[in-house]
Amino acid sequence: MTTTPNATILSAVEPDITQRIVSRRDAILKGASAAAMTRAALAIGSVPVALAALSREAGAQTMSVTDVLNFALMLEIFENEFYKAVLGTSASAAQNAAFAPVRAAAAGVAGAVPALQQIQKHEQQHVAFLLANGATNLLGLTATSFDFTGNRSAAGGGPFAAATTSLPFLLAVAQGAEDTGVRAYKGQAGNLMSNTVVLEAALRIHAVEARHASKIRRMRRATGAPTQVRYAGYVQGDGLLAAGVSNLTNVPAAVTAAFTAMYAGEGNTTHGGVNVATLSNIPNDIDLASAATMAFDEPLTKTQVVAIVQPFFIPSIPA
Amino acid sequence: MNNEKDTVVISRADQLWDFATRRQFLRVAGLGGAIVLLPSMFACSEDNPTGNGSNTGPNRNASDPVTLDLRTDIGIFNFLFLFEQTEVAYYNTAVASAAFAGMTAEQREIMTDLRGVETVHREFLRALLGSNGVGNASFNQTALSAAAATGAAILRTAEMLEDTGVATQIGFGKYIQSPDYLAIAGKINSMEARHAAALRDVREAAGLAAVGTAGTRFAGDDIVVPSGTYAGLNAKIEYPDALARVSATTFVKTRIEVSSPPATKAGTPDFGPPNPTP
């Protein structure tokens, strides 16, 4: 499908104008989705209007720059405390003790500990950067605010407990945390456009999280993960398939559900009105079905992200 | 004001680093003048038009110059489109090279995935831009092939292209005006970061690149700011640096002209990716 958006028109079309052209209220009353509105806009021949309709939908969770900074800080503290617990450098002796078995397993894999240390270093730097640029730790999170077994209890014992003893399980969880981080930042870029310094910093952090996710995927593939976990670090497919966790055994249902949520929508192939799964001009020796889902990472809304991470936070995360 | 003051002509990649040129560039850029990147450093200037005779638009002759107005999202996305074309031209050459067969299964999987994904990006941008697209660039096959003579050269060149691509896309983010286009750029950018990290990691594993601390090259201190106020942030460059780096490869024959730079926006300090050493 070939589209011909016009940037001048695009930037001139406000969502409110779009609303008059494509009545959102009517669409919702009829149970229609954003996709249906987009199709309606496409039917009247305007890709810019279709994009603006999508934009209105995507912007449903408008947040201020400060809101985004606070949200990002919360996620970075979570990641930082997770890796510190894994590495045995947490301020909480209990967290360090919990992860001792898997830490010993990681020490037996060449390069694993330095890679995790580098990732943890970056998460700590991201925490510091966000704090220096206006973010507030609203929940007062510390090392003891988390239950990495997913039970929201200082006693642990949740469905992710195997992450403390099994290296394949730990790396799968780390991959999920990094990919969720990538998706969370991606979902907030539009809310940062009014502050280009913060926007650019967030894009730079977003790319670092993607590097982490790539490395963890590569570590997993080298230790038995299925071929959906690409050596190139890509996310292939959607939901549970995209998580690439078929090498794990005795996986609790709650963990399966969490992995499914972490990769929900990753298989989307339509971007800006162009379905890349049906592109022409692709050489025959390229597997388009595979490349089309790998070629784009997808955003998550704050609501989706909070639902994914809440089980690991002992305090409640406000909506 | 005479015409000379409105245009900076850059005929060698290293001129962007030359003090006088750089100062002149910044002054002209500030005046909204034109920056012209001449292909004179390229191996040849063969002109073999294959388009429909037009010198603009999606069916432009591939060898005709491209003019980009970076004040617009269309201009920025055409820049990204040209960059993806360059990557695909190289990866097509790499996977068809004699050296490719001698690479490990893991390395071949990475290069095959990379070529597929970048081809999707290229054709996606062509479709997204539609009649606003600039069409094909033309490439110097001799230079592309020379950079794919060995497996080590393929991985090194791919890493350079990907690290540069990530840093370039990030630099453009603040200039994008449409939230929809920013969202699309974000979806592509994290993919490029994944490739770049994989290539860096596989080069470390194969002993093809120096590394500070073993196991960290995927996001090493040479590509993620290691300390200071901006510690933890990925490399980022602005488009003149990106143009200079692309020019230095000698892969692109098409002359790329920037008629107008983006409107000034506050950002974060540049941190350029290193040129990988053999």
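Lys and Arg at +1, Asp and Glu at -1: add these up for the other residues within a Cβ distance under 12 Å of A:Glu123 and post the number.
-3
Can you check what the net charge comes to around A:Thr142, using other residues whose Cβ is under 12 Å from the Cβ of A:Thr142 (Lys, Arg +1; Asp, Glu -1)?
Result for the neighbourhood of A:Thr142: 0.
Rg and Dmax in Å for the stretch A:195-319, alpha carbons only: what are they?
According to the Cα coordinates of the stretch A:195-319, Rg and Dmax are 16.5, 53 Å.
Tabulate in residue order the Karplus-calculated ³J(HN,Hα) for the stretch B:125-138, using 6.51 cos²θ - 1.76 cosθ + 1.60 with θ = phi - 60°, rounded to whole Hz; enter x for Gly and Pro.
Result, ordered by residue: 5, 4, 5, 4, 6, x, 5, 8, x, 9, x, 7, 8, 10 Hz.
Which of the three applies to the stretch B:238-278, rounded, prolate or oblate, going by the alpha-carbon gyration tensor with a ≥ b ≥ c and a/c under 1.5 meaning rounded?
Taking the square roots of the gyration eigenvalues as a ≥ b ≥ c, the stretch B:238-278 is oblate.
Could you let me know the centre-to-centre spacing of the stretch A:272-304 and the stretch B:64-100, using Cα atoms, in angstrom?
Cα centres, the stretch A:272-304 to the stretch B:64-100: 18 Å.
Please label the shape of the stretch B:130-239 as rounded, prolate or oblate, based on the square roots a ≥ b ≥ c of the eigenvalues of the alpha-carbon gyration tensor (a/c under 1.5 means rounded; beyond that, a/b larger than b/c means prolate, else oblate).
Oblate.
Cross-link candidates for A:Lys84: which lysines have Cα within less than 30 Å, leaving aside residues fewer than 8 places away along the same chain?
Here the lysines satisfying the reach criterion relative to A:Lys84 are A:Lys121, A:Lys186, A:Lys215, A:Lys302, B:Lys187, B:Lys236.
Short version: ³J(HN,Hα) in whole Hz for each residue of the stretch B:194-199, in order, from phi by Karplus 6.51 cos²θ - 1.76 cosθ + 1.60 (θ = phi - 60°), x for Gly and Pro, what are they?
Values per residue, Gly and Pro as x: 4, 4, 4, 5, 5, 5 Hz.
Applying the Karplus parametrisation 6.51 cos²θ - 1.76 cosθ + 1.60 with θ = phi - 60° to the phi angles of the stretch A:247-258, what ³J(HN,Hα) value in whole Hz is obtained for each residue in order, glycine and proline being reported as x?
So the Karplus estimates, Gly and Pro as x, are 7, 8, 10, 6, 7, x, 4, 5, 6, 4, 5, 5 Hz.
Between B:Asp221 and A:Ala105, what is the FRET efficiency for a Förster distance of 25 Å, r being their Cβ-Cβ separation, to the nearest 0.05?
Once rounded, the FRET efficiency stands at 0.40.
What does the charge count around A:Val86 come to, taking other residues whose C-beta lies under 12 Å from its C-beta (Lys +1, Arg +1, Asp -1, Glu -1)?
Surrounding charge for A:Val86 is -1.
Each value in this text was obtained by applying a stated rule to the coordinates, not by laboratory testing. The shown structure was predicted, so the numbers you read here are calculated from the model rather than taken from an experiment. Methodologically, a virtual Cβ is constructed for each residue, glycine included, from the backbone with ideal geometry; neighbour enumeration extends over all protein chains shown.
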